[in-house]
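The structure appears below as structure tokens.
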Amino acid sequence: MQPFTSLTATAVPLRAENVDTDQIIPARYLTAVTRAGMGDGLFAAWRYASDGAPDPEFVLNQAQHAGAEILVAGRNFGSGSSREHAVWALTEYGFRAVIAPAFADIFYNNSLKNGLLPVALPEEQVAMLWDLVDEQPDTVIVIDLAAQTVTLPDGQQVGFAIDPYRKTCLLDGLDDLGYLLSKGPQIAAYEQQAG
């Protein structure tokens with residue numbers, strides 16, 4: 001997993017609430033067991049017209065948002081079924097963080113376990129970011145995981161909460177198994193001492 005220390009990036013404003021995991025990645029993509037190609041299915045029902053062509057009206061298909069690494073969404077993002085594929089689709093597309101007023105619990109935890117940082121900010125700040133990014137798509141947002149802050153374009157810093165264990169794993173680029181394996185020397189020393 002790629003370490004996440006800080007991110008300085010542009011954002012995509014997804015003005016939608018209660019976006020569920022089936023909207024993030026439709027069920028027909030769930031037969032895959034690897035992340036490869038998952039980004040193609042991200043928001044597929046919204047991104048593509050019935051003939052398979054990209055819908056120019058959908059925000060991810062707009063050139064001014066190409067390369068953005070932050071998704072700014074509405075409350076209750078990631079609700080619905082427990083599918084890790086939703087996080088895979090977001091990360092394979094290129095997102096490193098999602099900012100929203102609130103997240104569904106299972107999606108939130110799946111994100112942290114797969115290197116995607118979910119950042120909960122107050123609704124008024126999310127709405128302000130939507131407006132700002134709509135008006136100026138090249139707006140840069142800075143997310144500092146170590147300091148647990150989001151620096152807004154006007155210089156204002158907003159704090160966010162995160163579980164200390166998950167923060168450590170993200171900073172070090174470790175999943176749960178990687179974290180346990182990183183403790184190998186301490187475990188060996190303990191066993192030697194207890195021995």
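Here, each number is a calculation from the coordinates, and none is a lab measurement. Since we're looking at a predicted model, the values are computed, not measured. In this analysis, Cβ positions are derived from the backbone assuming ideal geometry, glycine residues included, and neighbour counts consider all displayed protein chains.
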Exercise for review: Scan region 77-88 and give yes if some residue there is closer than 26 Å to D138 by Cβ and not in a strand (DSSP E or B), otherwise no.
Suggested key: no
Revision key, fill the gap. Expected single match for part of a loop (DSSP other than H, G, I, E, B) and either closer than 20 Å to A45 by Cα or more than 13 Å from the chain's Cα centre (by Cα) (or both) among F107, F95 is F95
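Here's the yes/no breakdown for (1) in contact with a helix residue (DSSP H, G or I) (Cβ under 6 Å, 6 or more places away or on another chain); (2) closer than 12 Å to V72 by Cβ:
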residue	(1), (2)
F107	no, no
S111	yes, no
L121	no, yes
V126	no, yes
W130	no, yes
Q136	no, no
I143	no, yes
G155	no, no
S182	no, no
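Starting from residues that are in a helix (DSSP H, G or I) and among the small types (G, A, S), keep the ones in region 186-195 and report whichever is farthest from the chain's Cα centre (by Cα).
Within region 186-195, the match that is farthest from the chain's Cα centre (by Cα) is A194.
Restricting region 142-185 to residues that are part of a strand (DSSP E or B) and out of contact with any Ser or Thr (no Cβ under 7 Å at 6 or more places or on another chain), which is surrounded by the most Cβ atoms within 10 Å (Cβ to Cβ)? Break it down stepwise before answering.
Filtering region 142-185 for residues part of a strand (DSSP E or B) gives 142-144, 149-151, 157-159.
Retained after the next criterion (residues that are out of contact with any Ser or Thr (no Cβ under 7 Å at 6 or more places or on another chain)): 149-151.
Details: T149: 17, V150: 22, T151: 17.
Per the criteria, the residue is V150.
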Study note, to complete from the structure: Note on region 78-92: residues in contact (Cβ under 8 Å) with a residue 60 or more places away in the chain and either under 16 Å from R166 (Cα atoms) or more than 9 Å from the chain's Cα centre (by Cα) (or both) are S79, G80, S81, S82, R83, H85, A86, W88, A89
